[in-house]
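The values are calculated or read from the model by the stated rules, or taken from the named source; none is laboratory data. What you see is a predicted model; the values in this text were computed from it and never measured. Every residue, glycine as well, gets a Cβ built from its backbone with ideal geometry; the counts of neighbours run over all protein chains shown. Note: areas computed on protein heavy atoms with side chains; ligands, DNA, RNA excluded. Shrake-Rupley method; radii C 1.70, N 1.55, O 1.52, S 1.80 Å.
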Amino acid sequence: MRRTLFTEDHDAFRESARAFVERTIRPGYEKFVAQRHIDRDVWLEAGRQGMLGLEVPEEHGGGGANDYRFNAVLGEELAKVSAGVASCLGIHADVVAPYLVDLCTEEQKRRWLPRFCSGELTTGIAMTEPSGGSDLAALRSTAVRDGSDWVLNGSKTFITNGFSADLVVVAARTSPERKAKGITLFAVETGMPGFERGRKLDKVGQPESDTAELFFTDVRIPADNVIGEVDRGFVHMMERLPQERLGAAISNLAHARQILTETIEYAKERKAFGQAVGSFQHNKFVLAELVTKVDVTQAFVDQATEAHTRRELTAVDAAKAKYWSADVQNEILDACVQLHGGYGYMTEYRVARAWMDARVTRIWAGSNEIMKELIGRDLGL
């Protein structure tokens, strides 16, 4: 079914994004997997090609697109290579960007955004803690005033870009007695004494995405590194999580669609019992179901993207898009592995890697169970 979400400008940008992927990311992909991080040269080239600052105003070095559909295009093209690549660059350009653009002072914007857009300053966001998971209101990391500074203590885990980021947006409790209403966001920069990174976490999938534990021991943070308003960090996060979840849905679906397309071609070529495996009625029906499911899901995700472009996407609809796309993605990739037979279990095949990469999408950006809880509350239950 023809998608109506994009204009000629978006199609032209897609060609640029696709060229960037083919020229800069795909040739080095196996190296990134082996070393468990993406080379800084990729970030710098992404900056030169205008891929990192789509939402950043032109006066601060960005593209000033003011149109979320460009983010969607980039997310789709990155996800076609791998979920890990889409995650790393997406956390920076799609997730962290709104915090810096919407909440920072003019001085902070001048300090960080030009390098953010160029790829010289890579970023991550540190919400999740070892004991907290999706429960952001139960943060244990603390920041205490000391004169005009803040002193940060605590730890975070499962942080994408955590090992390599030059700046990390960290959520910490600043007024413990106020619970969710006492959280503040801080910009923690590489080189601050007391800020240490743990090992690169050994994940089931997405090895090219560097994911790390972060530790903060009496980290002194100047007042001009506070992002947004003191004690309003939880609100700031809740306001921006719908975009993060929509971005996840966009990547989930593009990732699954690409592998499904490759699997259909495999099913046409692979022979068993003297005929193409895709010609067996069962397999043909499975593929028909998967193609239908991805197209129907695409229609909803496109509607959500259009709503967000108009600044009308609700947290509940973002939760629906995130949870449903993750479930569909995992269902499709599991079926694709099955259709590949024994080869589908071999890591040199893209389908096997994609299957492993996708499992986390039902957990991150708020687990699917949390998404269903949000939807259920909206029903008055």
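The residue list G124, G191, G154 contains one member that is in a strand (DSSP E or B) and under 30 Å from G61 (Cα atoms), which is G124. Scanning the range 137-191 for residues that are free of Cβ contacts under 8 Å to residues at least 60 places away in the same chain and among the acidic types (D, E), we see that the one that is farthest from I221 (Cα to Cα) is E177.
Just one of the listed residues (I250, I227) is over 30 Å from R111 (Cα atoms), in contact with a helix residue (DSSP H, G or I) (Cβ under 6 Å, 6 or more places away or on another chain) and either among the acidic types (D, E) or touching a residue at least 40 places away in the same chain (Cβ under 8 Å) (or both), namely I250. All of (1) within 21 Å of the chain's Cα centre (by Cα); (2) touching a residue at least 40 places away in the same chain (Cβ under 8 Å) hold for Q49 with one exception: (2). Looking across the range 6-41 at every residue that is more than 24 Å from M356 (Cα to Cα) and among the aliphatic types (A, V, I, L, M), the one that is least open to solvent (accessible area, probe 1.4 Å) is identified as A17. Selection of first residues in the range 120-131 that are within 15 Å of A97 (Cα to Cα) and of second residues that are among the aliphatic types (A, V, I, L, M) and open to solvent by 20 Å² or more (accessible area, probe 1.4 Å), restricted to Cβ pairs under 8 Å at least 6 apart or on distinct chains, gives the following pairs, ordered by first then second residue: E120/L44; T123/I91; G124/I91; I125/I91.
Return yes or no: is V286 closer than 23 Å to T361 by Cα and more than 28 Å from the chain's Cα centre (by Cα)? For V286, the condition - closer than 23 Å to T361 by Cα and more than 28 Å from the chain's Cα centre (by Cα) - is met. Of everything listed in (1) in contact with a His (Cβ under 8 Å, 6 or more places away or on another chain); (2) more than 25 Å from W364 (Cα to Cα), the single unmet condition for A65 is (1).
Against the criterion of being open to solvent by 30 Å² or more (accessible area, probe 1.4 Å), among the small types (G, A, S) and closer than 19 Å to V95 by Cα, G63 qualifies. For the range 201-217, the criterion of a residue being among the β-branched types (V, I, T), in a strand (DSSP E or B) and modelled with pLDDT of 95 or more is satisfied by at least one position. Would you confirm whether or not the range 158-175 contains a residue that is over 30 Å from Y29 (Cα atoms), aliphatic (A, V, I, L, M) and not in a loop (DSSP other than H, G, I, E, B)? Taking every residue of the range 158-175 in turn, at least one turns out to be over 30 Å from Y29 (Cα atoms), aliphatic (A, V, I, L, M) and not in a loop (DSSP other than H, G, I, E, B). Pairing each residue of the range 271-283 that is hydroxyl-bearing (S, T, Y) with any residue that is open to solvent by less than 50 Å² (accessible area, probe 1.4 Å), provided the two are 6+ apart or on different chains, yields C-beta distances under 9 Å for S279/A267. Of the residues making up the range 110-159, those that are among the small types (G, A, S), more than 18 Å from V226 (Cβ to Cβ) and either at pLDDT 95 or above or crowded, with 20+ Cβ neighbours inside 10 Å (or both) are S118, G119, S155. For A256, the stated conditions hold: it is closer than 30 Å to R14 by Cα and modelled with pLDDT of 95 or more.
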